[in-house]
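Structure provided below as structure tokens; questions to follow.
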Amino acid sequence: MSQAVRVLDLQPEASDIRRDVLEGLARTPKQLPSKYFYDARGSELFEAICEQPEYYLTRTELAILDTHMDGIARALGERVLLLEFGSGSGIKTRKLLAGLVDPVGYVPIDISISALTDSAIALRQAFPRLCVLPVCADFTQPLQLPTPQRSAERKVMFFPGSTLGNFAPADALSLLRRIRALVGEGGGLLLGVDMKKDVARLEAAYNDAAGVTAAFTLNLLERLNRELDADFDLSAFRHRARYNPMAGRIETHLVSQRPQVVQIAGSRFSFDEGEAMLVEYSAKYDQDDIDRLARQTGFAVEQRFSDPAGDFSLQCLRA
Ligand code: AVJ
């Protein structure tokens with residue numbers, strides 16, 4: 001029998017979601033925060049995205065972990081306390097934990113309580129002696145982390161998946177600075193980033209032929225209908241993901257297919273025909289971008305590992 005998993009529950013409340021959504025919709029252009037994609041259904045759809053042939057990110061990052069595990073483990077050091085922002089299903093973490101030398105604990109932090117609980121149970125089973133301390137929280141908000149029984153040599157944040165790319169530039173900087181404060185002097189950051197490449201491949205990754213990514217973005221509206229008592233007509237919005245070469249990022253919008261009025265938590269918002277509501281950024285990087293981000297946030301890039309084609313990169317940063 002496996003031990004029960006106790007999740008520290010700091011998940012956002014309906015009032016947080018309502019505030020963020022109303023604030024985003026009051027802007028021009030309208031926007032919705034991508035972190036709210038990850039309810040139970042959204043987390044499942046995201047896992048399905050990772051299986052799509054066009055979405056090369058996840059399988060490439062997993063392959064880098066497989067190929068370069070020894071080098072990564074050496075760079076991160078022994079007896080680390082591993083933290084993870086946006087741990088999701090925990091498949092990458094399982095590889096990483098298996099390769100690390102005597103990790104003292106693992107603190108997964110995720111906004112989806114279902115994904116977090118399932119992955120914590122699976123990790124307990126795979127590593128019965130590892131101290132797993134899951135926290136359900138919005139990692140953009142200040143948070144107090146639990147401490148493991150054994151003291152760690154250093155703290156290392158694992159921030160894979162190019163999730164950093166979902167943040168606007170100023171928010172990405174403040175998030176990296178918060179990570180720097182969390183891991184402390186001498187701490188580490190293993191950062192997964194998607195590299196700049198051929199636009200057609202980037203756009204295909206966010207417009208898979210099976211329509212899973214479209215279902216994923218539209219699920220946000222379904223969530224708001226359910227949790228904020230909104231009345232979005234899902235058939236009146238269309239998913240659109242395009243690469244913005246100036247900004248170096250995929251920008252995903254939900255485009256209103258006709259003039260319409262939507263009610264959300266007692267407020268009304270009108271959409272013009274063709275009006276695009278911003279729902280997600282997925283920034284893409286080159287090595288200069290990463291070096292600059294590291295420098296601006298108190299880190300230095302120690303080592304980096306990528307796939308042979310250079311599509312994706314795992315960067316070892318030191319505070
Ligand atoms: C959360 C960063 C892994 O931006 O690539 C995938 C989310 N959105 N397809 C990304 C996402 C649409 C994804 N990450």
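The values are calculated or read from the model by the stated rules, or taken from the named source; none is laboratory data. All values reported here derive from a predicted model rather than from experimental measurement. Cβ: placed from backbone, ideal geometry, glycine included. Neighbour counts: every protein chain shown.
Is there a residue in segment 110-121 that is at pLDDT 95 or above, hydroxyl-bearing (Ser, Thr, Tyr) and either away from the ligand (no atom under 16 Å from the Cβ) or surrounded by fewer than 17 Cβ atoms within 10 Å (Cβ to Cβ) (or both)?
Checked against the condition, which is being at pLDDT 95 or above, hydroxyl-bearing (Ser, Thr, Tyr) and either away from the ligand (no atom under 16 Å from the Cβ) or surrounded by fewer than 17 Cβ atoms within 10 Å (Cβ to Cβ) (or both), segment 110-121 yields no hits at all.
Can you pull out every residue in segment 219-246 that is among the hydrophobic types (A, V, I, L, M, F, W, C) and within 12 Å of the ligand (Cβ to nearest atom)?
Of everything in segment 219-246, those that are among the hydrophobic types (A, V, I, L, M, F, W, C) and within 12 Å of the ligand (Cβ to nearest atom) turn out to be Leu220, Ala241.
Just wondering, is there one or more residues in segment 244-262 that are farther than 27 Å from Ser162 by Cβ, at pLDDT 95 or above, part of a loop (DSSP other than H, G, I, E, B) and of a type outside the set (Lys, Arg)?
Yes, some residue in segment 244-262 is farther than 27 Å from Ser162 by Cβ, at pLDDT 95 or above, part of a loop (DSSP other than H, G, I, E, B) and of a type outside the set (Lys, Arg).
Now, a different point. So which residues in segment 192-208 are hydrophobic (A, V, I, L, M, F, W, C) and more than 14 Å from the ligand (Cβ to nearest atom)?
Val199, Ala200
Kindly list, by first and then second residue, each pair from a residue in segment 48-61 that is of a type in the set (Phe, Trp, Tyr) to a residue that is more than 10 Å from the ligand (Cβ to nearest atom), limited to pairs with Cβ atoms under 7 Å and residues at least 6 apart or on different chains.
If the second residue must be more than 10 Å from the ligand (Cβ to nearest atom), the pairs left are Tyr56/Asp311.
I'd like the full set of residues that are among the charged types (D, E, K, R) and touching a helix residue (DSSP H, G or I) at 6+ places or on another chain (Cβ under 7 Å), limited to segment 189-207.
Result: Asp194, single match.
Moving on to the next point. Tell me, which residue of segment 227-242 that is more than 14 Å from Ala215 (Cα to Cα) and in contact with a helix residue (DSSP H, G or I) (Cβ under 7 Å, 6 or more places away or on another chain) is surrounded by the most Cβ atoms within 10 Å (Cβ to Cβ)?
That would be Phe232.
Please note which helices (runs of 4 or more DSSP H) are completely contained in segment 14-108 and include at least 3 residues that are closer than 22 Å to Asp311 by Cβ.
40-50, 57-76, 91-99
Determine if segment 288-305 includes at least one residue that is closer than 21 Å to Ser34 by Cα, part of a strand (DSSP E or B) and among the aromatic types (Phe, Trp, Tyr).
Looking through segment 288-305, none of the residues is closer than 21 Å to Ser34 by Cα, part of a strand (DSSP E or B) and among the aromatic types (Phe, Trp, Tyr).
Let me ask something else about it. Given the criteria among the small types (Gly, Ala, Ser), crowded, with 18+ Cβ neighbours inside 10 Å and at pLDDT below 95, does Ala172 qualify?
It is false that Ala172 is among the small types (Gly, Ala, Ser), crowded, with 18+ Cβ neighbours inside 10 Å and at pLDDT below 95.
Tell me whether segment 217-234 contains one or more residues that are aromatic (Phe, Trp, Tyr) and outside any loop (DSSP other than H, G, I, E, B).
Scanning segment 217-234, I find no residue that is aromatic (Phe, Trp, Tyr) and outside any loop (DSSP other than H, G, I, E, B), so the answer is no.
Please indicate, with yes or no, whether at least one residue in segment 154-164 is away from the ligand (no atom under 16 Å from the Cβ) and surrounded by 20 or more Cβ atoms within 10 Å (Cβ to Cβ).
yes
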